[in-house]
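*Asks:* Quick one: this structure, given as structure tokens, is what I'll be asking you about.
The values are calculated or read from the model by the stated rules, or taken from the named source; none is laboratory data. These figures come from a predicted structure and were not determined experimentally. Positions of Cβ are generated from backbone atoms using ideal geometry, with glycine treated the same way; all protein chains shown enter the neighbour counts. Remember, those area values only see protein heavy atoms, side chains included, never the ligands or the DNA or RNA. Shrake-Rupley method; radii C 1.70, N 1.55, O 1.52, S 1.80 Å.
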2 protein chains.
Amino acid sequence: MTSTATIADLSTARDVARQLRVDSVRASTSAGSGHPTSSMSAADLLAVLVTRHFKYDWDDPANDANDHLIFSKGHASPLLYSVFKAVGVVSDEELMTGYRRFGQRLEGHPTPVLPWVDVATGSLGQGLPDGVGVALAGRYLDEVPYRVWVLCGDSEMAEGSMWEALDKAAYYRLSNLIAIVDVNRLGQSGPTELQWDLDAYARRAESFGARVIMIDGHDLDEIDQALQSATDRTDDRPTVILARTLKGRGFSEVENLEGWHGKPLPKEMADRAIRELGGESSLTVRGPRPVTEPPANRGAPLGGPPELPTYAVGDKVATRKAYGDALTAVGGSNPRIVALDGEVGNSTFSEEFAKAFGDRYFEMYIAEQQMVAAAVGLSVRRYIPFASTFAAFLSRAYDFIRMASISRADIRLVGSHAGVEIGADGPSQMALEDLAMLRAVQGSTVLYPSDAVCATALVRSMVDLPGVSYLRTTRGAYPVLYEAGESFPIGGSKVLRSGPSDAVTLIGAGVTLHQCLAAANALAADGIQARVIDLYSVKPIDTATLSDAVAATEGRIVVAEDHHPEGGLGSAVADALLAAGSPALRMSHLAVRELPGSGSTAEQLAAQGIDADHIAASARALTS
Amino acid sequence: MTSTATIADLSTARDVARQLRVDSVRASTSAGSGHPTSSMSAADLLAVLVTRHFKYDWDDPANDANDHLIFSKGHASPLLYSVFKAVGVVSDEELMTGYRRFGQRLEGHPTPVLPWVDVATGSLGQGLPDGVGVALAGRYLDEVPYRVWVLCGDSEMAEGSMWEALDKAAYYRLSNLIAIVDVNRLGQSGPTELQWDLDAYARRAESFGARVIMIDGHDLDEIDQALQSATDRTDDRPTVILARTLKGRGFSEVENLEGWHGKPLPKEMADRAIRELGGESSLTVRGPRPVTEPPANRGAPLGGPPELPTYAVGDKVATRKAYGDALTAVGGSNPRIVALDGEVGNSTFSEEFAKAFGDRYFEMYIAEQQMVAAAVGLSVRRYIPFASTFAAFLSRAYDFIRMASISRADIRLVGSHAGVEIGADGPSQMALEDLAMLRAVQGSTVLYPSDAVCATALVRSMVDLPGVSYLRTTRGAYPVLYEAGESFPIGGSKVLRSGPSDAVTLIGAGVTLHQCLAAANALAADGIQARVIDLYSVKPIDTATLSDAVAATEGRIVVAEDHHPEGGLGSAVADALLAAGSPALRMSHLAVRELPGSGSTAEQLAAQGIDADHIAASARALTS
């Protein structure tokens, strides 16, 4: 039976629900792992949604008018993939032989290797925040009436990020966002905190500004009415549907029992389950198609290439200020560029963009997890998000950044106030782990400009960068080093001092590059010539230039960084040179090794041994 | 005027409040930075609290009966330090010459270098979660009736972690926890999301299970009654006092105005402010003392040294299982050991401890930020917390881990399911950044056992480790390698194969160590002798053994790790050898470089090039 033109009736939805349960059992048993019971609890919800309410052109997942479906409870992947079978885009054979297998696209938790999946989920509490980003795009940028449906687990409501999401959904009046919470009462290791206290969930969701509908998640009429009501948009609030369900619903041997989380049914149990559920089937039923609207007019650039801000060599300009200038410049020429901030836009200078393009700026207040998730969601709709806060506070969102890379999301993160350079505010405000954190993200790009000209060039490059890219900016104002128009390719570096008699190589970025230059001057006064490298591209790294310098200076290098010694500039240099098979190195690695306190920038740099004096002393020791 | 024996009257509190404002202005102006206006809004709250309700023996901060005071809005440090002056433990001279100065203890944001400060704050949204940990200790472990007072900002209520905290405070019925929210309406860059909508805050806090009291935060009578009511403990809920306040209260030129966040008053404005506030003073007023009770009887070990579990060489045991076994063993001999988990105790095996010592186990459900914060809070009360979840999900709490190191907290983190080894679940569940993340934490210890005997020994060592320590455990069961009783010092390593004709060194930990052993066998069959090093202590690292091996094998080393290439084993080895000034290295670094999907363990290891075959091939290439 195939029905693509008309809306299925509830009786058909019931058949589909049965099939989703059977297929969830079959797929996970065939794979030998997976979460059938967590799928069975939500099968009725998905059957009614997909056959009757979810507007999606399954033949064209790129259709801009399509609704979005995000499984925030990503472990219910058997259910999602069974849905894909039920709408006819995944075959029964693929479901039975591809699920959780090597090299296959039906991964243990959904990722966008599948064209119908927007974002990777599986780290709980992220799908709803991601959905907020997609819904922001729908309401404010695309201005297309697609809806964003997010299936949430009840366990994940313990994550603060879910409440950040509801808070922002309400604040931004995202009536196009519908969270369906599968309240099946049982978590991984036992009952959830609130079990079936739907009233408690309801009070919380309402207090955060959502419209709440409570239903029996196995009553198809109730489900249908709730989904209909959610899309009627009677007000400007996001909708939270709280569905009371039974984990393992439909198979009496596991239904509502503890001890069956994340366990496939053994073959014989699976056979009994399939019998009890009514047997295998291969219905194909599609729901409503979206009404295709003319695409929003945000695709074409407003003008030619951006006119980047210019700065005079020698002028003191903070790279964070240059970030704000550059973002505003590129934003003027590309209407798909959007910006977000964690309520510190007057420190990161994203406020410049906000003032120029308020309709493309989203204030996330102090909710860094939601900020990164919103960037991911905006990238789903092919916007070009730049998200900024103090670099130290990006650590708040590390799980979201990690998952963004698995989502293949193209997002740009900007962290200001790096390192001890900030001075008096003390260690809580100092990013000293951010380079390690961002370098370790798969496929990431890590950039660290030392002057305003470089910063603006890198911002322009980030517009087109795939994956997670990161720009580290500095609080203080330092002299502009480069002429306007200088090129800063990703993966490059700049040799600022060099000569035939170089005895040592000094490597820095950000504030330490300026210290390296001062050290080189001091060394030159002593008759020691030093090569100086601006390592603005930390990942990818310019191995060739580093290797040349090492060869020229007989292995003597000093790396100075305003970061802990692990995973930052020094590690990047060491990793690159060792991978290149460099000859013997005599590397002096200056980094922030002690827990800092307050003080002036100069005091901080001196105390940690990363200022010009220490760099020069290390160079002298290497060359003596 | 000094009054240490009696409770000050409200008129005295009023004088103190005035002084706190004046001193907040003076301190920040003298330092040239800081947050006077954020201090002035809460001065009345603190004056009434400290003079009339906060039970604290200022002459003995170590008194176990003392109340606790946590400034979750750590940027209000001028207020906190002015309080310290008002109770006579910090001199006016220190306040005026020490605040935010290099080498001084009155840092820009409070840290425990001060004996009256429990935890470092300044990353917003962490003080209240930390306070939950302290309150858990009070209610369930110390059984001492101290109260935990937390001054919160209104901006930080946008952090999901604050709601994780209230959720857990209500779940654990922490009536000893009182959050005072200074609702001054203005954030850093503009009005807060909810501004003065105290009703909205109240609905949220009540829905999360708190008792809410709304007051005018500048009406001393209302404040006094609220604080009294909060400590009457009429029920089993935490209390949230919502105080409507004015930022910059008391100085007409800044009061309730935007643009004054985080800015000291210029000298002339400060002079006018001090005049308007009534002039300088140096009152010393102390509030009530705690009633000292006999210490809870949890100090002395229950018995002798723990009997660690034993395993037979060759038996297959997962290190995560060994963690559960060992934690239960050490828990039996030391009643100060407590455990927490993020609702995956049946995966991390913390459930073994929970079953044995339910009164010392705290289920944090899926709230990793709160889990780490609770560990920090428990450590404030000198408990020995072990907090476990999937290693991947510790990334959720990175900002909390970073701040724990600044808090000088002794906490133990345990992450299971490391790397692609987990197989079918896919990348969302695979920790591939955790070693980089934890190594980059100041003062951290990073451990990665390859067998059950090592895991148990490391757990025992972690009991006494200072700072943030981390144990990475593996999902699968692998052969036990060591005899019971083998010693595994922190900072050590094990040479499992070595001989006079070693041609290459193979270095691994966890699953890759087993692959290294298999590779060594294969190489031996080819006549290539390989040294094999078990790098169970990743930080600190056994540089001496590594250097010896490099020398013995003429610089030829293969490092294989189930982690991204940045910041993990390979970086640790490279950093150590370069710091030691090793001779030329020929290092082959095998790591997880591609985004993984699902598959079996063997398929995953092979696909990423970190299995025995690839290790052997790299070794052959180095030795050919």
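*Asks:* Kindly indicate which of B:Arg382, B:Arg396 is within 17 Å of B:Tyr470 (Cβ to Cβ), under 19 Å from the mean Cα position of the chain (by Cα), modelled with pLDDT of 95 or more and basic (Lys, Arg). Walk me through it before giving the result.
*Replies:* Values: B:Arg382 fails: within 17 Å of B:Tyr470 (Cβ to Cβ).
After applying the criteria, what remains is B:Arg396.
*Asks:* Something else: If the requirement is being more than 8 Å from chain B (Cβ to nearest Cβ), farther than 14 Å from A:Ala530 by Cβ and assigned to a helix (DSSP H, G or I), which of these qualifies: A:Ala544, A:Ala621? Spell out the reasoning first.
*Replies:* On the way: A:Ala621 fails: farther than 14 Å from A:Ala530 by Cβ.
Within the list A:Ala544, A:Ala621, the selection yields A:Ala544.
*Asks:* Also: How many residues does segment B:76-105 hold that are assigned to a loop (DSSP other than H, G, I, E, B), among the aromatic types (Phe, Trp, Tyr) and surrounded by fewer than 24 Cβ atoms within 10 Å (Cβ to Cβ)?
*Replies:* Looking only at segment B:76-105, we keep the residues that are assigned to a loop (DSSP other than H, G, I, E, B), and these are B:87-91, B:99-105.
From what is left, the residues that are among the aromatic types (Phe, Trp, Tyr) are B:99, B:102.
Subsequent filtering for residues that are surrounded by fewer than 24 Cβ atoms within 10 Å (Cβ to Cβ) retains B:102.
Number satisfying all stated conditions: 1.
Let's see how each residue does on (1) within 27 Å of B:Leu246 (Cα to Cα); (2) outside the structural domain of B:Ser379 (by TED's automatic domain parsing); (3) among the aromatic types (Phe, Trp, Tyr):
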| position | (1), (2), (3) |
| --- | --- |
| B:Leu46 | yes, yes, no |
| B:His53 | yes, yes, no |
| B:Ala62 | no, yes, no |
| B:Asn66 | no, yes, no |
| B:Ser72 | yes, yes, no |
| B:Ala76 | yes, yes, no |
| B:Leu79 | yes, yes, no |
| B:Val89 | no, yes, no |
| B:Tyr99 | yes, yes, yes |
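*Asks:* If I ask for residues that are among the aliphatic types (A, V, I, L, M) and open to solvent by 30 Å² or more (accessible area, probe 1.4 Å), which ones from segment B:529-573 would you list? Working first, answer last.
*Replies:* Residues of segment B:529-573 that are among the aliphatic types (A, V, I, L, M), as a first pass: B:530, B:532-533, B:535, B:538, B:541, B:544, B:546, B:549-552, B:557-560, B:569, B:572-573.
Answer for segment B:529-573, where residues must be among the aliphatic types (A, V, I, L, M) and open to solvent by 30 Å² or more (accessible area, probe 1.4 Å): B:Ile541, B:Ala544, B:Ala551, B:Ala552.
*Asks:* Taking the criterion of being open to solvent by 50 Å² or more (accessible area, probe 1.4 Å), among the aromatic types (Phe, Trp, Tyr) and not assigned by TED's automatic domain parsing to the domain that holds A:Ser347, would at least one residue in segment A:289-312 satisfy it?
*Replies:* no
*Asks:* B:Gln195 - would you say it is open to solvent by 10 Å² or more (accessible area, probe 1.4 Å) and under 17 Å from B:Gly217 (Cβ atoms)?
*Replies:* Answer is yes for this residue.
*Asks:* Report whether or not B:Leu465 is over 23 Å from B:Ala329 (Cβ atoms) and either open to solvent by 10 Å² or more (accessible area, probe 1.4 Å) or within 14 Å of chain A (Cβ to nearest Cβ) (or both).
*Replies:* Working: over 23 Å from B:Ala329 (Cβ atoms): no; either open to solvent by 10 Å² or more (accessible area, probe 1.4 Å) or within 14 Å of chain A (Cβ to nearest Cβ) (or both): yes.
Spelling it out, it is not the case that B:Leu465 is over 23 Å from B:Ala329 (Cβ atoms) and either open to solvent by 10 Å² or more (accessible area, probe 1.4 Å) or within 14 Å of chain A (Cβ to nearest Cβ) (or both).
*Asks:* In the set A:Tyr383, A:Tyr448, which member is outside the structural domain of A:Ala120 (by TED's automatic domain parsing), closer than 23 Å to A:Met364 by Cα and touching a strand residue (DSSP E or B) at 6+ places or on another chain (Cβ under 8 Å)? Talk me through it step by step, then tell me what you get.
*Replies:* Values: A:Tyr448 fails: closer than 23 Å to A:Met364 by Cα.
None of the others qualify; the one that does is A:Tyr383.
*Asks:* For the subset of segment B:384-396 comprising residues that are at the interface with chain A (Cβ under 8 Å from one of its Cβ atoms) and of a type outside the set (Ser, Thr, Tyr), which member is nearest to B:Glu159 (Cα to Cα)?
*Replies:* That would be B:Arg396.
*Asks:* From the list B:Ser30, B:Ser24, which one is in a helix (DSSP H, G or I) and in contact with a Pro (Cβ under 6 Å, 6 or more places away or on another chain)?
*Replies:* From the options B:Ser30, B:Ser24, the qualifying one is B:Ser24.
*Asks:* Mind checking which residues of segment A:432-451 are within 7 Å of chain B (Cβ to nearest Cβ) and either under 30 Å from A:Glu483 (Cβ atoms) or aromatic (Phe, Trp, Tyr) (or both)?
*Replies:* A:Arg439
*Asks:* Something else now. Taking only segment B:324-363 into account, find how many residues are surrounded by fewer than 24 Cβ atoms within 10 Å (Cβ to Cβ), at the interface with another protein chain (Cβ under 10 Å from one of its Cβ atoms) and in a strand (DSSP E or B).
*Replies:* 1
*Asks:* If you don't mind, there's one more thing I want to ask. Residue check: is B:Asp216 surrounded by fewer than 18 Cβ atoms within 10 Å (Cβ to Cβ), closer than 16 Å to B:His53 by Cβ and more than 13 Å from chain A (Cβ to nearest Cβ)?
*Replies:* Details: surrounded by fewer than 18 Cβ atoms within 10 Å (Cβ to Cβ): yes; closer than 16 Å to B:His53 by Cβ: no; more than 13 Å from chain A (Cβ to nearest Cβ): yes.
Taking the combined requirement at face value, the residue does not satisfy it.
*Asks:* B:Ala424 fails exactly one of the following numbered conditions: (1) within 19 Å of the chain's Cα centre (by Cα); (2) facing chain A (nearest Cβ under 10 Å). What is the number of that condition?
*Replies:* Here B:Ala424 meets the rest and fails (1).
Residue-by-condition table, conditions (1) closer than 15 Å to A:Val420 by Cβ; (2) within 39 Å of the chain's Cα centre (by Cα); (3) open to solvent by 20 Å² or more (accessible area, probe 1.4 Å); (4) acidic (Asp, Glu):
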| position | (1), (2), (3), (4) |
| --- | --- |
| A:Ser582 | no, yes, no, no |
| A:Arg586 | no, yes, yes, no |
| A:His589 | no, yes, yes, no |
| A:Leu595 | yes, yes, yes, no |
| A:Ala602 | yes, yes, yes, no |
| A:Gln608 | yes, yes, yes, no |
| A:His614 | yes, yes, yes, no |
| A:Ser624 | no, no, yes, no |
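*Asks:* Something else now. Report, by residue number, each residue of segment B:260-280 that is of a type outside the set (D, E, K, R), outside any helix (DSSP H, G or I) and out of contact with any Leu (no Cβ under 7 Å at 6 or more places or on another chain). Lay out the reasoning, then the answer.
*Replies:* Let us first name the residues in segment B:260-280 that are of a type outside the set (D, E, K, R), namely B:260-262, B:264-266, B:269-270, B:273-274, B:277-279.
Cutting the leftovers down to outside any helix (DSSP H, G or I) gives us B:260-262, B:264-266, B:278-279.
Matches in segment B:260-280: B:Trp260, B:Gly262, B:Pro264, B:Leu265, B:Pro266, B:Gly278, B:Gly279.
*Asks:* For the condition within 14 Å of another protein chain (Cβ to nearest Cβ), open to solvent by less than 10 Å² (accessible area, probe 1.4 Å) and of a type in the set (Val, Ile, Thr), what is the one hit in A:Val254, A:Val240? Let's see the steps before the verdict.
*Replies:* Details: A:Val254 fails: within 14 Å of another protein chain (Cβ to nearest Cβ).
Going through A:Val254, A:Val240 in turn, just one is within 14 Å of another protein chain (Cβ to nearest Cβ), open to solvent by less than 10 Å² (accessible area, probe 1.4 Å) and of a type in the set (Val, Ile, Thr): A:Val240.
*Asks:* Which pairs turn up if I take residues in segment A:506-529 that are at positive phi and look for partners that are assigned to a helix (DSSP H, G or I) and modelled with pLDDT of 95 or more with beta carbon separation below 8 Å, at least 6 apart in sequence or on another chain?
*Replies:* What qualifies is A:Gly510/A:Thr319; A:Gly510/A:Glu421.
*Asks:* Is one or more of the residues making up segment A:400-411 over 13 Å from the mean Cα position of the chain (by Cα) and of a type outside the set (D, E, K, R)? Please lay out each step first, then the result.
*Replies:* Quick first cut of segment A:400-411, residues over 13 Å from the mean Cα position of the chain (by Cα) only: none.
Within segment A:400-411, not a single residue is over 13 Å from the mean Cα position of the chain (by Cα) and of a type outside the set (D, E, K, R).
*Asks:* Right, another one. Output the qualifying pairs, or none if there are none: Cβ atoms under 8 angstrom, residues six or more apart or on different chains, first residue in segment B:126-150 and among the basic types (Lys, Arg), second residue surrounded by fewer than 20 Cβ atoms within 10 Å (Cβ to Cβ) and part of a helix (DSSP H, G or I).
*Replies:* Close Cβ pairs (under 8 Å, with a partner that is surrounded by fewer than 20 Cβ atoms within 10 Å (Cβ to Cβ) and part of a helix (DSSP H, G or I)) amount to B:Arg147/B:Thr231.
*Asks:* Related question: Do you know which residues across segment B:106-130 are open to solvent by 10 Å² or more (accessible area, probe 1.4 Å), more than 7 Å from every other protein chain (Cβ to nearest Cβ) and not β-branched (Val, Ile, Thr)?
*Replies:* Correct list: B:Pro112, B:Pro115, B:Trp116, B:Asp118.
*Asks:* For segment B:577-606, give me the residue count where each residue is more than 7 Å from every other protein chain (Cβ to nearest Cβ) and modelled with pLDDT of 95 or more. Let's see the steps before the verdict.
*Replies:* Of segment B:577-606, the ones more than 7 Å from every other protein chain (Cβ to nearest Cβ) are B:577, B:580, B:582, B:588, B:590-594, B:596, B:601-602, B:604-606.
Still in the list and also modelled with pLDDT of 95 or more: B:588, B:590-594, B:596, B:601-602, B:604-606.
Within segment B:577-606, residues that are more than 7 Å from every other protein chain (Cβ to nearest Cβ) and modelled with pLDDT of 95 or more number 12.
*Asks:* With A:Asp59, A:Asp67 as the choices, which residue is acidic (Asp, Glu), more than 24 Å from B:Ser428 (Cα to Cα) and either touching a helix residue (DSSP H, G or I) at 6+ places or on another chain (Cβ under 7 Å) or without any contact (Cβ under 8 Å) to a residue 24 or more places away in the chain (or both)?
*Replies:* A:Asp59
*Asks:* One residue is enough: does segment B:488-508 have a residue meeting the conditions farther than 30 Å from A:Ser582 by Cβ and out of contact with any Lys or Arg (no Cβ under 8 Å at 6 or more places or on another chain)?
*Replies:* First pass over segment B:488-508, keeping only residues farther than 30 Å from A:Ser582 by Cβ: B:488-490.
Those left that are additionally out of contact with any Lys or Arg (no Cβ under 8 Å at 6 or more places or on another chain): B:489-490.
Scanning segment B:488-508 turns up at least one residue that is farther than 30 Å from A:Ser582 by Cβ and out of contact with any Lys or Arg (no Cβ under 8 Å at 6 or more places or on another chain).
*Asks:* Which members of segment B:364-374 meet the condition of being open to solvent by less than 10 Å² (accessible area, probe 1.4 Å) and not polar (S, T, N, Q)? If you could, list the steps in order and put the result at the bottom.
*Replies:* Of the residues in segment B:364-374, the ones open to solvent by less than 10 Å² (accessible area, probe 1.4 Å) are B:364, B:367-374.
Selection gives B:Met364, B:Ala367, B:Glu368, B:Met371, B:Val372, B:Ala373, B:Ala374.
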